[in-house]
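Written out below as structure tokens is the structure these notes cover.
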2 protein chains.
Amino acid sequence: MPEPTTITTDTLIVGSGPTGLFQVFQLGLLEIKAHVIDALPYAGGQCIELYPDKPIYDIPALPRCTGRELVSRLLEQISPFQTTFHLGQEVTSVEPQADKRFLVQTSTGQRFLTKTIFIAGGVGSFQPRELSLEDFKKFRGTQIHYTVPSDSAHWIKQNVLVVGANDAALEFAIQQVQLGNPKVTLLHRRDQFQAQENTLIEIDRLRQTHQLAFLAGQITGFQTHHDQLSAVLITNTQGSTQPLKVDHIAAFLGLSPKLGPISQWGLNLDKRQIVVDTEKFETNISGIFAVGDINTYPGKKKLILCGFHEATLAAFAAAAHITPDKATPLQYTTTSKKLHQLLGVTSN
Amino acid sequence: MPEPTTITTDTLIVGSGPTGLFQVFQLGLLEIKAHVIDALPYAGGQCIELYPDKPIYDIPALPRCTGRELVSRLLEQISPFQTTFHLGQEVTSVEPQADKRFLVQTSTGQRFLTKTIFIAGGVGSFQPRELSLEDFKKFRGTQIHYTVPSDSAHWIKQNVLVVGANDAALEFAIQQVQLGNPKVTLLHRRDQFQAQENTLIEIDRLRQTHQLAFLAGQITGFQTHHDQLSAVLITNTQGSTQPLKVDHIAAFLGLSPKLGPISQWGLNLDKRQIVVDTEKFETNISGIFAVGDINTYPGKKKLILCGFHEATLAAFAAAAHITPDKATPLQYTTTSKKLHQLLGVTSN
């Protein structure tokens, strides 16, 4: 794969939830084009990841709106602006440059040279929740997996333990059985799953035909052999513990938000929130702004509508940072011919 | 008319523009019921008064929305809450009481005893713009009128000068002619009007049939007789000045926002804006909050979406002011059964 070229930009938005998307809009009105990064493979953040179909009732002037609808409305609103989304990647490093710009690198190797950064990271990036045994960390990626491993089709003769009760877990267990693996065990705290009806029916059938074993319990320890994970100790709901031979564990325990590498940027934090002022929503690093649920200031409420306000004031502050010699007057979308032009609408 | 009883309330919102309406919503979620006062005879403020049919493009997640639509959406959003509107009246006095409540009186004589006040007054209350000659003030209400006077049907034999080019001015001129007054003159800076087509056609007809005189020019002075206004000096577009006998002047020059009596409440002001903090959006008087276009703080932008944020944080601050011993945790409309109950929606 050829090395991606470094993208030079005025602004980089980290996070594509509602606040990140509205940040694009407010910057767009000020003629600042944005690149947007998100760890998830699609725009929308928590709204799409956590409650796509649940109604939200407190978006002003939208008495009822699902997370999915909110994101689609915001994407429509920013459509007049040229926005490049860089999805499925996380920022891995931010290095201040001598010229006050920032060199940003993501997990896919994409590099940006940017004058300003907007952290619209919500509760952080969503990462797979991991098994809680501390010493399990050293087997991660080799014998313990939190996403579908690329070589899992070749596990046919190995002992596979699938942990979890959601669609991802059950579908992976079904897939292993379908590939012809006779040694697949499904583990969950209790004999109750949260998945689509079809999947539940198929799991039931595989269990009744003894193609899939099920255990109700929890992993409470493990055994190794030549530094390899050889077995886990499973404590069942009655409290008795038995070893189970394993070559691979695939655990699907849902996603958990993590502040992630942002915690290493040298930003002032207060209880894992980024401290900002309420004039510019700027962090302690000049040129880096934080908006939405990830920031904190006196009075802060983690509400989407507050993120919209923060993004607006931060956009004006960023404009002053990018072009310090140029005034940025407030114009109204109702009356400004300039804004109508930028939005591609005809004035009337 | 019997004296209205004093209404006892936790909160009084002054102004029914978008911010005032969303203030009702956020207070409603915290189970605080609101009374709303507005000087205009309908809810909506500037949105309805200045741009009811012009699209607004920067309300988050509403890519295009007229002022009228915005207000109707907000009225729908607050419909679950019992809100009493007191329209067509202005606050005339605010007196702090010994028990820290405020005694508020309006121009219709309505009295409120309230624990908190939210000033959501936008650019101030809309009042008729007046003729600029300083000494004209003393004839206001007797010979110079800025709204349709109740006794104007009896002016039939008097010299009436109608000033203005809008619907209100032209319709009043037409009405005077229709009442049989032969001495009606219409004055405007130039021979061009801004009114409905039907009205323009009728004005044309009355001028051509010499039932209505028209002068293009401006009032530059006046004459009195026994302390009564007897004539005005009208300077025409060529610069020559002539006196015109008048008994009554009815001037319809549009509405102009005025801070009005609010300027007398003892609030800290900065360039006619009310100074607030950004944690509670509270003024220098404890229990009085100011939200929306009327307030100022570092970074302030006069945008509707900022008013929504301010109203939200102010609502939480007011809850703490009203019931200091009760914590007010943030709940989410997406998940909170309590909020679903308040909003009258079924959880799903």
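The values are calculated or read from the model by the stated rules, or taken from the named source; none is laboratory data. Quick caveat: nothing in here was measured; it's all calculated off a predicted structure. Cβ: placed from backbone, ideal geometry, glycine included. Neighbour counts: every protein chain shown. Surface areas here come from the heavy atoms of the whole protein model, side chains and all, with no ligands, DNA or RNA. Shrake-Rupley method; radii C 1.70, N 1.55, O 1.52, S 1.80 Å.
Rundown of residues vs (1) touching a residue at least 24 places away in the same chain (Cβ under 8 Å); (2) assigned to a helix (DSSP H, G or I); (3) touching a Phe, Trp or Tyr at 6+ places or on another chain (Cβ under 9 Å), yes/no style:
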{"site": "A:GLU130", "(1), (2), (3)": "yes, no, yes"}
{"site": "A:VAL148", "(1), (2), (3)": "yes, no, yes"}
{"site": "A:ALA153", "(1), (2), (3)": "yes, yes, no"}
{"site": "A:GLN158", "(1), (2), (3)": "yes, no, no"}
{"site": "A:VAL162", "(1), (2), (3)": "yes, no, yes"}
{"site": "A:ALA169", "(1), (2), (3)": "yes, yes, yes"}
(message) I'd like the full set of residues that are under 22 Å from A:PRO257 (Cα atoms), surrounded by fewer than 19 Cβ atoms within 10 Å (Cβ to Cβ) and β-branched (Val, Ile, Thr), limited to segment A:84-117.
(response) A:THR92, A:THR108
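Go through segment B:199-235 residue by residue and tally those that are assigned to a strand (DSSP E or B) and either of a type in the set (Gly, Ala, Ser) or over 25 Å from B:LYS157 (Cβ atoms) (or both).
Here the count works out to 9.
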(message) Could you check segment B:79-100 and list, in sequence order, the residues that are touching a Leu at 6+ places or on another chain (Cβ under 6 Å) and touching a residue at least 40 places away in the same chain (Cβ under 8 Å)?
(response) B:PRO80
(request) Assess whether B:HIS188 counts as being at pLDDT below 95 and not hydrophobic (A, V, I, L, M, F, W, C). (result) no
(request) Inspect segment A:154-164 for any residue being surrounded by 21 or more Cβ atoms within 10 Å (Cβ to Cβ) and either at positive phi or in contact with an Asp or Glu (Cβ under 6 Å, 6 or more places away or on another chain) (or both) and give the result as yes or no. (result) yes
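Could you pull out the residue among A:GLY307, A:GLY344, A:GLY266 that is open to solvent by less than 30 Å² (accessible area, probe 1.4 Å) and not hydrophobic (A, V, I, L, M, F, W, C)? Write out each step before concluding.
On the way: A:GLY344 fails: open to solvent by less than 30 Å² (accessible area, probe 1.4 Å); A:GLY266 fails: open to solvent by less than 30 Å² (accessible area, probe 1.4 Å).
Just a single option satisfies the conditions, and that option is A:GLY307.
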(request) Could you look through segment A:292-304, keep only residues that are within 8 Å of chain B (Cβ to nearest Cβ) and basic (Lys, Arg), and pick out the one that is surrounded by the most Cβ atoms within 10 Å (Cβ to Cβ)? (result) A:LYS302
(message) Within segment B:119-130, does at least one residue satisfy the condition of being open to solvent by 70 Å² or more (accessible area, probe 1.4 Å) and farther than 30 Å from A:LEU21 by Cα?
(response) yes
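Could you please find all residues in segment B:17-42 being more than 15 Å from B:GLN82 (Cα to Cα) and open to solvent by less than 20 Å² (accessible area, probe 1.4 Å)?
First pass over segment B:17-42, keeping only residues more than 15 Å from B:GLN82 (Cα to Cα): B:17-19, B:38-42.
Hits for segment B:17-42 are B:GLY17, B:PRO18, B:THR19, B:ASP38, B:LEU40.
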(message) Looking at the structure I just gave you, is A:ASP58 over 18 Å from the mean Cα position of the chain (by Cα), among the acidic types (Asp, Glu) and open to solvent by less than 40 Å² (accessible area, probe 1.4 Å)?
(response) yes
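Based on this model, can you work out whether A:SER107 counts as modelled with pLDDT under 95 and under 18 Å from the mean Cα position of the chain (by Cα)?
Values: modelled with pLDDT under 95: yes; under 18 Å from the mean Cα position of the chain (by Cα): yes.
Here the answer is yes, as A:SER107 does meet what is asked.
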(request) Could you check, for segment B:271-291, whether at least one of its residues is closer than 30 Å to B:THR147 by Cβ, open to solvent by 40 Å² or more (accessible area, probe 1.4 Å) and away from chain A (no Cβ under 14 Å)? (result) yes
(message) Need pairs with beta-carbon distance below 6 Å; first residue modelled with pLDDT of 95 or more and within segment B:208-222, second part of a loop (DSSP other than H, G, I, E, B) and among the polar types (S, T, N, Q); sequence gap 6+ or separate chains.
(response) B:ALA216/B:THR237
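Kindly indicate the residue of segment A:315-338 that is touching a residue at least 24 places away in the same chain (Cβ under 8 Å) and at the interface with chain B (Cβ under 9 Å from one of its Cβ atoms) and also farthest from B:ALA314 (Cα to Cα) among those meeting that condition. Don't jump to the end; show me each part of the working.
Restricting attention to segment A:315-338, the residues satisfying the condition of being touching a residue at least 24 places away in the same chain (Cβ under 8 Å) are A:315-319, A:321-322, A:328, A:331, A:333.
Checking the rest, the ones that are also at the interface with chain B (Cβ under 9 Å from one of its Cβ atoms) come to A:316-317, A:333.
On the way: A:PHE316: 23, A:ALA317: 24, A:THR333: 26 Å.
Per the criteria, the residue is A:THR333.
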